[in-house]
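All remarks here apply to the structure that follows.
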Amino acid sequence: MASTIRVRAIANGDTTEVQALIQHPMDSGFVKDAQGAVIPAHFIQQLSFEHNGKRVFLADWGPAVAKDPYVKFAFKGAAKGDELKISWVDNKGASDSTTAKIQ
Amino acid sequence: MRFVIALVSAALAASVIVSAAPASDAPDPAADAEAFRNYFVTKFPKVKLEDFVNGPYSMNKDMRRQWQEKEEFPPYEFALEAGKEMFAAPFKNGKTYADCFENGGIGVRQNFPYFDAKQGEVITLELALNRCRTANGEAPLSYVKDEMASLTAYMAFTSRGKPFDIKIPDDPRALAAYENGKRYFYTRRGQLNFSCASCHVQSPGERLRAEILAPALGILNAMPIYRSEWAGMGTISRRFITCNSQTRAVPEEAQSEDYRDLEYFLSYVSNGLPISGPGARP
């Protein structure tokens, strides 16, 4: 299966702007399906971005975050060509990670 | 003899008058399309013609800025990739979608819907995709979202920039389908007594609660769309059904004759405007 994570990291001077889109149902646990059964909660709990082994962004998420979440942030200290590692873990223990080159 | 000539010339004069001012109930799609386009161009003199396909973003600066940022990382990307994979994946009998379409299905979105003279009905892209599946022994897909939206997203993407090229053949049935679509578009229905035109011809650019209404001109060029409100993709079928239920009318079945005729009419009057789908809408 293709990666659930899309990343684009662009260095501009000493600031690197990161955009990421993650494919995840992010079910809140409060929604019922067509048969009236509750769809169990299923959401990303932790999302992390690491640059050279150092964590530059950490998000503790809950069921209130929308489906297929999008994140955008900027950090300092990275250069073009560096690697950025992105990973997430959800409440069912599933996870995914990917690395992207900073452009 | 002189009397006969006088009669003939009188008849000629009468026929000239008739052709100069055709009866208003005689269908004339080409004139409709011109009048339709002129209405929007006159109403929105600052909007470039090809920009109408961007719907609400052609009408509101703030929304446009947000959208431009969104387009750098569009929410329909996952659907696009899924559509590409599905399109290339063979059926059980070894054939693919490409075998059902002209040019292997690449860059053909602008030719749909078309009038099929053999079957005497309007064939939309969604219908053609499902007919392709059933002809190859596969179960048809749901018309409203998910796989169907991914497939049409991919096909629209390969056709981006190509102008809508909908033809109405010289066939009374095709003209009747067009007229039926036009009638559907302008007929008021539902508890709120809205027609499609009430919102998308009379009030584009105006707010309907928090939404900015899209102009009917070019409204199908951006389909299918990722709607943040839906948290997912939706097809033309989904859009029509939702429009009907929002005006508290009873929606028809997806790909009903009325809906297909409506798509035929709406696409025809947007002839010449580029395909911009898949789109992203709030």
From B:A222, B:A174, B:A197, B:A216, which residue is over 27 Å from B:N60 (Cβ atoms) and either touching a residue at least 12 places away in the same chain (Cβ under 8 Å) or outside any loop (DSSP other than H, G, I, E, B) (or both)? B:A174
Expected output for the stretch A:28-54 (first residue over 21 Å from A:W88 (Cβ atoms), partner basic (K, R) and in a strand (DSSP E or B), Cβ below 9 Å, 6+ apart or cross-chain) is A:V38/A:K32
For the stretch A:58-95, name all the residues that are exposed (fewer than 12 other Cβ atoms within 10 Å of the Cβ), on the phi > 0 side of the Ramachandran plot and either within 14 Å of chain B (Cβ to nearest Cβ) or of a type in the set (S, T, Y) (or both). none
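Out of A:R8, A:R55, I need the residue that is more than 22 Å from B:D146 (Cα to Cα), within 14 Å of chain B (Cβ to nearest Cβ), surrounded by fewer than 17 Cβ atoms within 10 Å (Cβ to Cβ) and under 14 Å from the mean Cα position of the chain (by Cα). Which one? Give the derivation first.
Numbers: A:R55 fails: within 14 Å of chain B (Cβ to nearest Cβ).
Matching residue, one of A:R8, A:R55: A:R8.
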Hey, does the stretch B:36-43 have a residue that's at pLDDT below 90, part of a helix (DSSP H, G or I), of a type in the set (D, E, K, R) and surrounded by fewer than 17 Cβ atoms within 10 Å (Cβ to Cβ)? no
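For B:S142, indicate whether it is surrounded by 21 or more Cβ atoms within 10 Å (Cβ to Cβ) and in a loop (DSSP other than H, G, I, E, B).
Values: surrounded by 21 or more Cβ atoms within 10 Å (Cβ to Cβ): no; in a loop (DSSP other than H, G, I, E, B): yes.
No: the conditions fail for B:S142.
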Restricting the search to the stretch B:83-99, which residues are more than 14 Å from every other protein chain (Cβ to nearest Cβ) and either of a type in the set (S, T, Y) or under 24 Å from B:I225 (Cβ atoms) (or both)? B:F87, B:T96, B:Y97
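Look at B:E71 and say whether it is among the acidic types (D, E), within 14 Å of chain A (Cβ to nearest Cβ) and surrounded by 12 or more Cβ atoms within 10 Å (Cβ to Cβ). Before you say what the answer is, go through the steps one by one.
Numbers: among the acidic types (D, E): yes; within 14 Å of chain A (Cβ to nearest Cβ): yes; surrounded by 12 or more Cβ atoms within 10 Å (Cβ to Cβ): yes.
Yes; evaluated as a whole, the condition is true for this residue.
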Selection within the stretch A:13-29 - more than 10 Å from the chain's Cα centre (by Cα) and within 14 Å of chain B (Cβ to nearest Cβ): A:E17, A:V18, A:P25, A:M26, A:D27, A:S28
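The values are calculated or read from the model by the stated rules, or taken from the named source; none is laboratory data. This one's a predicted model, so the numbers in the text were calculated from it and none came from an experiment. With ideal geometry, Cβ positions are generated from the backbone for all residues, glycine too; neighbour counts draw on all protein chains shown.
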